[in-house]
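All remarks here apply to the structure that follows.
We did not get these values from a lab; they are worked out from the coordinates using the rules stated. In this text the structure is predicted, and so the values were computed from the model without any measurement. With ideal geometry, Cβ positions are generated from the backbone for all residues, glycine too; neighbour counts draw on all protein chains shown.
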Amino acid sequence: MKKIVLISSGQPSLNPRLVKEADALIEAGYQLTIIYQYWNEWGSKHDVELFEKKQWEIYRIGGDPTEGRLRYWFTRFQHKIGQFLYKSFNIFSDHAIGRSTPQLISKAKSIKADLYIAHNLAALPAAVLAAKKNDAKCGFDAEDFHRNEVTDNIFDLDFKLKKYIEDKYIKRLDYLSTASPLVGEAYSEIYPKQEPITILNAFPKQAKSGINRVDEHKLKLFWFSQTIGINRGIENIIKALSLINEIVIELHLLGNHSNNIKNYFLEIAKNSGFNNDLIYYYTPISANKIYDFASQFDVGLAAEMTIPKNRDICLTNKIFTYVQSGLAILASNTAAQEKIMNEFPNMGIIYDQFNIEHFANQIRHLAENRDTLKMYQNNSKNYGDRVLNWETEKIKFLTLIAKQLY
């Protein structure tokens, strides 16, 4: 039986893509090990629930603030020193890229396997170096265009460090997969020999819950992410809603959030003239519960920004979650979102993120044309059932893995 190691610098419950790939590998008869590190307390809580149902061999390295505190604080110190040394002398890049990357490397090397797959850039050195030590193969699943994840400034330390890690390790991979065609194209331009394979971040088919109903008296908009924060497009949503007075429109936001963030958006609502009582906040829920939760709303918002470059060319979980939940989609005009919305027409509307009045008009159109809204919802779910699902993407993933091992 072939053995595969998945390596992440985050937590499995915070990375649905890793979970889907892990389950697919188990189903296909592979022996599987996952190595990961602590990211946050919410993730730890949901990891416990997740692991109870899985047949994975699991190793967490690097400690956390409550259990293994000495290891946790050591890795934080190690990371800070690594960042200083890289910034000052261009050395110790593996220490600088992630809090526990050296520990990921050490643990991965200690486990003999046939294939090592990195999720997240900070796990990439571990996959490549473990494969070299154990005479195995390695791959990298890039959900983002990492060098431009934070900034487009080529002189910024974050850009320079991530570019260095990519240049150092991607050329040594046996395969590179991406979650967006445009991210694949961006990497292909830099590393033409890699020929990245796109595996969309789709989700398993969901039975239509029937929860979502068209309410003639209000429109319910839904947005979610791991964190509700600034510069995620929410500011423009609130400003657009302030221009619509003819109908009640609710904005529902799901994700980790603080009182400071709520106050920040309260101030924007107040200054724009939108009723803050129509903004609802929810704490994160486990991935398998999000479809039923989302299906109570009318429209799913994919409010990505075009800057930095990664935001323009990546495809987040949002659209793929919305299609499984049967929501109409209101997506900003990033290059990646325009591409997929054009390939799968009539499941929603693209709006101009730089034109608040245009954005407001698109929301108003959905609120005033309920037959159109229902058509978008039905088409969205149909696409989810027929093609935009993990059952389709899983075949591509397993074919790619088999090609490496046989």
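Couplings 3J(HN,Hα) of the range 23-38, computed from phi: 5, 5, 5, 4, 4, 7, x, 7, 8, 10, 10, 10, 10, 8, 10, 5 Hz, in residue order, whole Hz [Karplus 6.51 cos²θ - 1.76 cosθ + 1.60, θ = phi - 60°; x for Gly and Pro].
Each eigenvalue of the Cα gyration tensor of the range 218-386, multiplied by 5 and square-rooted, gives one semi-axis; in descending order these are 22, 18, 17 Å. Taking only the Cα atoms of the range 1-143, the radius of gyration and Dmax are 14.9, 47 Å.
I need the peptides 103-111, 64-72, 312-320, 122-130 ranked by packing, meaning the mean over residues of other C-beta atoms within 10 angstrom, with the highest value on top.
Top of the packing list down: 122-130, 312-320, 103-111, 64-72.
One chain, two ends: Ile285 and Val48. Fully extended at 0.36 nm per residue, the span grows by 84.0 nm beyond their Cα-Cα distance.
Let's test the formula: R0 of 25 Å, r as the Cβ-Cβ distance of Val248 and Glu357. What FRET efficiency results, to the nearest 0.05? Taking R0 as 25 Å, the efficiency between Val248 and Glu357 is 0.80.
Compute the length gained on full extension between Asn342 and Lys171: take 0.36 nm times their separation in residues and subtract their Cα-Cα distance, giving the result in nm to one decimal. Between Asn342 and Lys171, full extension yields 58.3 nm more. Counting only the Cα atoms, the chain fills a convex hull of 141 Å³ per residue.
Helical runs (DSSP H, four residues minimum) scored at -39500 (n - 2.57) apiece and divided by the length of the chain put the mean residue ellipticity at 222 nm at -14000 deg cm²/dmol. So how tilted is helix 101-110 from the main axis of the chain? Cα-based, degrees 0 to 90, rounded to 10. Roughly 60 degrees, rounded to the nearest 10.
Report the residues of the range 141-156 in range of a label on Lys87: point 7 Å along Cα→C-beta, backbone N strictly under 20 Å from it. Counting backbone N atoms under 20 Å from the label point, the list is 147-156.
What the phi angles of the range 329-346 give under the Karplus curve with 6.51, -1.76 and 1.60, with θ = phi - 60°, is a coupling list of 10, 10, 10, 5, 8, 6, 4, 5, 6, 4, 4, 6, 5, 6, 6, 10, x, 6 Hz, glycine and proline written as x.
Peptides 15-27, 40-52 ordered by packing proxy, namely the average of other Cβ atoms within 10 Å per residue, highest first: 15-27, 40-52. Please list the non-local residues whose amide H lies under 5 Å from the amide H of Gly10, H modeled 1.01 Å from N, same-chain partners needing a gap of 5 or more. Long-range HN contacts for Gly10: Gln37. Converting phi to 3J(HN,Hα) with the Karplus coefficients 6.51, -1.76 and 1.60 and the offset θ = phi - 60°, the range 261-267 yields 5, 4, 5, 4, 6, 4, 5 Hz in sequence order, with x at every glycine or proline. Its relative contact order, with pairs defined as Cα atoms under 8 Å and 6+ residues apart, puts the chain at 14 percent. If you plug the beta carbon distance of Asn276 and His365 into 1/(1 + (r/R0)^6) with R0 = 30 Å, you get a FRET efficiency near 0.80.
Under a 5 Å amide H to amide H cut-off, with H placed in plane at 1.01 Å, what residues pair with Ile329 once short-range neighbours are removed? Here the answer is Gly300, Gly348, Ile349, since their amide H atoms fall under 5 Å of that of Ile329. For Tyr191, Tyr376, the sequence from fewest to most other C-beta atoms within 10 Å is Tyr191, Tyr376.
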